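Structure first, then comments.
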Amino acid sequence: MEAFLDFLANIQWWVWILIFLLLIAIRDIFFQKAHTISHNYPIVGHLRYWLESIGPEMRQYFVANNREELPFNRIERGWIYASAKKENNYEGFGTDRDIYKHQHIFIKNAMIGFQAPENHPNNEHPCFLPCAKVMGAYNKRKKPYRPASIINVSAMSFGSLSAAAIESLNQGVEKCGAYHNTGEGGLSPYHKKGGDVIFHFGTGYFGVRSRDGGFSMDKLKVLVDENPCIKAIEIKLSQGAKPGKGGVLPGSKITPELAEIRGVEVGEDVISPPTHKAFLTIPELLEFIESIAEETGLPVGIKGAIGKIDQWKELADLMKKTGKGPDFITVDGGEGGTGAAPPSFADHVSLPWTYGFSKIYSLFMEYGLTERIVFIGSGKLGFPGKAAMAFAMGADCINVAREAMMSIGCIQAQVCHTNRCPAGIATQNKWRQNGINVPLKSDRLAQYFKTFRKELLEITHAAGYEHPCQFKMDDVQVNVDDDYLSSDLKSVYRYQKENVEFDSMQHLFDCKHLGGKPALEKTL
Ligand SMILES: Cc1cc2nc3c(=O)[nH]c(=O)nc-3n(C[C@H](O)[C@H](O)[C@H](O)COP(=O)(O)O)c2cc1C
């Protein structure tokens, strides 16, 4: 035995390597049947798989230029990171964008911009920028709500995001007076850290689900009664990345904590069907909205990605006839994000934000309904310039999902669907999320939102306005094509936005329905 061990010990290190490679080659040729490349090119074939797996990172770090990556390029990501850290987010030497490129937008500045008078709220609170409309005011809901921030956290559930990420977002919105949309996974303890909440549910009715998988009004009433942080309710019809696509939450992922929050059984597969059980038609949807608003007293809205317009038309028609309807409509763009979606859906189903929103807004305008509705936009709008365009088109608020994730450390690894998020954000892996420092990350989210509002206000003032709700379609120009170079949004989308009733920023500041109060007590 000793002689044998001596023999092994005397083998040179490089011989061990050769033996190891030989074993891999034998396995590649004779035992594995799955990969032709490894069979035909033993050992070296593995290099191909390895290089392919690290390709995205290599391109991101070394190859891609500042403006070429999608969904968010390096300049966009860098702006969010720097804004969130309160670092220098300026650029030197002028823009590096081709400003003659198709679809590039220009906001028209005034000859002499807006100057805030003495005692203007923005002198003390330079980042104070609430929504100009009140959710639920027209429909006289018992508890109307004016979002205290025009930028807010879009629907992302506990389940698709980690507990630490949800907690960071919630503490963050509390610090800057914004709201936090729960996403489809129910109201978790991590959503209850002080921020205003919009409770969102989809076809799975998680958190308000009856035993047979339907919607339970009783559960919703209890939830709302027990959680005054819930300021409004959003019914998800669809989202831009996967409209009309249901989902399966595998039983293996359903921990006791998730089961409790979502109202499902531990270990059993849960199916979210593509459509709702609670309503099948537009009149039924309208009734459903009204019954929720009546039972809870809260403003109720719907979220949808836009494709065909006929059912939206039916809704507008019915709203006009009945005087009822949703208090807010969230329009999600086809470019929107998701935890997981088939590429065929993410790439091709539903219209991009500008096309979809312009269709919906102009439709509701035709019916004279725009002042009843708070229009919320989502789909890569978390940048002040793009937000100004959205306001010019009729948006009253912006929701951001991936931009909010980036502010708390997301590096756009694009592996949300694998549970292996390196930043601990889109994962349930405990070790990965332990890297998130919640107080620090919540400061970052808050700082990103504040910087965003401050810069949007500065753009607004440069255009001669006090509040972005005053932007009109002809304040923004877009490059449309080579022979006509550029045109204002009014000519491109063929409507003019309705005036939003706006008195003054002081009036918004004094509004008794203004949310995010604790944040207002500090300087914003
Ligand atoms: C990780 C993740 C989870 C999401 N979960 C939901 C969801 O539960 N319900 C929903 O309506 N939208 C969901 N979305 C879509 C976002 O709310 C948002 O509409 C979309 O990403 C567009 O915003 P963005 O471009 O700022 O990311 C999710 C997006 C992401 C990235």
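Here are the numbers for this structure:
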quantity	calculated
Expected 222 nm ellipticity per residue - DSSP helices of 4 or more, -39500 (n - 2.57), all of the chain, to 500	-11000 deg cm²/dmol
Check: the chain dipole with +1 on Lys, Arg Cβ and -1 on Asp, Glu Cβ, in debye	440
Residue among S210, S168, V270 farthest towards the positive dipole end of the chain, charges placed on Cβ	S210
Beta bridges per DSSP with both ends in the chain, % antiparallel, nearest 5	25
About the Cα centre, charge dipole magnitude for segment 1-63 (Lys/Arg +1, Asp/Glu -1 at Cβ), debye	340
For segment 1-63: rounded, prolate or oblate by the Cα gyration tensor [a/c cutoff 1.5]	oblate
Global form of the chain, assessed from the alpha-carbon gyration tensor, a/c cut-off 1.5	prolate
Within the accessible area of the chain (1.4 Å probe), percent carbon and sulfur	55
Relative contact order for the chain, counting Cα pairs under 8 Å that sit 6 or more residues apart, in percent	21
Translational diffusion of segment 62-189, µm² s⁻¹ [Kirkwood Rh, Cα pairs; Stokes-Einstein; 20 °C; 1.002 mPa s]	114
Pairwise centroid distance, computed over Cα atoms, of segment 1-76 with segment 176-244, Å	46
Cross-link pairs beyond the 25 Å C-alpha cut-off, checked among K193/K450; K242/K517; K192/K450	K242/K517
Antiparallel %, DSSP beta bridges [both residues in segment 162-263], to 5	10
Accessible area expressed per residue, segment 1-145, with surrounding protein chains retained (probe 1.4 Å, Å²)	75
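The values are calculated or read from the model by the stated rules, or taken from the named source; none is laboratory data. All of these numbers come straight from a predicted model, not from anything done at the bench. Heads up, the Cβs are rebuilt from the backbone with ideal geometry, glycines too, and the neighbour counts pull from every protein chain shown. Side chains included, ligands, DNA and RNA excluded: accessible areas come from the protein's heavy atoms. Shrake-Rupley method; radii C 1.70, N 1.55, O 1.52, S 1.80 Å.
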